[in-house]
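The structure under discussion appears below in the form of structure tokens.
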Amino acid sequence: MPRPKTLPDSDVLEAALKLIHTDGPEALTFAALAKASGLSAATLVQRFGSKDELKRRALHAAWDHLDARTARLGATLPRTPEGAIAMLVALSADYGGIDAYAEGLLVLREDFRDPVLRARGAAWKAALAAALDARFACEPSAPSGIGLMMASQWQGSLLWWAFEPDTDVTTAVEDGLRRFVAALTAPPADRLSGGDAPRPASRQRRA
């Protein structure tokens, strides 16, 4: 099969991301990408210059995708607590199964190493928290900063699911988020364990 004469950078970077997510960041080489994209290694070197630059641009493309997906969900889902849960469940579907999630942690390591990519993550956190906050604006019992709390709960749910991936990730995340929202938006007297407020001491049964 003849090699394509040209291919948009977006398609090349998409192929690079697939290599990274499938086999890890170190698997991204010009030779491997040439095989995956159909372009010659020489053409790829001419376009991207170095392996580090190729990886950097691929990781920025991944953040572009995530930013765009988050914005789309924020624009289309209802501004209600149910909409907040639906947003995070939808984002969870992108993690795939346990093997894909584990490989994704290697990609996250690359983000942590680069200050520019870390800044992309911090900006996404702020945007996601704001989108979640907006979905609790009409909930008087919702605490201030619930968006970031919920995003943190979501990431924790993903981590704990990874240790016991007995069900699909979206089911695990949705269950955890529903219990979290119920606990944080319940009246103060109902937030105690079991949802029951203690009886006055004079009415408690003596031992």
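The values are calculated or read from the model by the stated rules, or taken from the named source; none is laboratory data. None of these values were measured; they are calculated from a predicted model. Counting neighbours? That spans all protein chains shown, and the Cβs are built from the backbone with ideal geometry, glycine included.
Key figures for this structure:
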{"item": "Residue that is in contact (Cβ under 8 Å) with a residue 60 or more places away in the chain and either in a helix (DSSP H, G or I) or in contact with a helix residue (DSSP H, G or I) (Cβ under 6 Å, 6 or more places away or on another chain) (or both), where the choices are 84, 32", "result": "84"}
{"item": "The stretch 159-199 - residue that is of a type in the set (Lys, Arg) and modelled with pLDDT under 90 and, of those, nearest to residue 147 (Cα to Cα)", "result": "191"}
{"item": "Residue, modelled with the lowest pLDDT, within the stretch 12-28, restricted to residues that are of a type in the set (Val, Ile, Thr) and surrounded by 15 or more Cβ atoms within 10 Å (Cβ to Cβ)", "result": "20"}
{"item": "Single match in 78, 2 (criterion: more than 30 Å from residue 163 (Cβ to Cβ), at pLDDT 95 or above and not in a helix (DSSP H, G or I))", "result": "78"}
{"item": "Among residues of the stretch 45-61, those that are among the small types (Gly, Ala, Ser) and in a helix (DSSP H, G or I), counted", "result": "2"}
{"item": "Unique match (being assigned to a helix (DSSP H, G or I), under 18 Å from residue 24 (Cβ atoms) and without any contact (Cβ under 8 Å) to a residue 60 or more places away in the chain) among 133, 99", "result": "99"}
{"item": "Pairs, first free of Cβ contacts under 8 Å to residues at least 12 places away in the same chain and within 21 Å of residue 27 (Cβ to Cβ) in the stretch 52-77, second part of a helix (DSSP H, G or I) and not acidic (Asp, Glu), C-beta under 9 Å, six or more apart", "result": "65/17"}
{"item": "Residue satisfying condition, being among the acidic types (Asp, Glu) and surrounded by 17 or more Cβ atoms within 10 Å (Cβ to Cβ), within set 82, 110, 53", "result": "110"}
{"item": "Some residue of the stretch 125-139 being closer than 27 Å to residue 52 by Cβ, of a type outside the set (S, T, N, Q) and at pLDDT 95 or above", "result": "yes"}
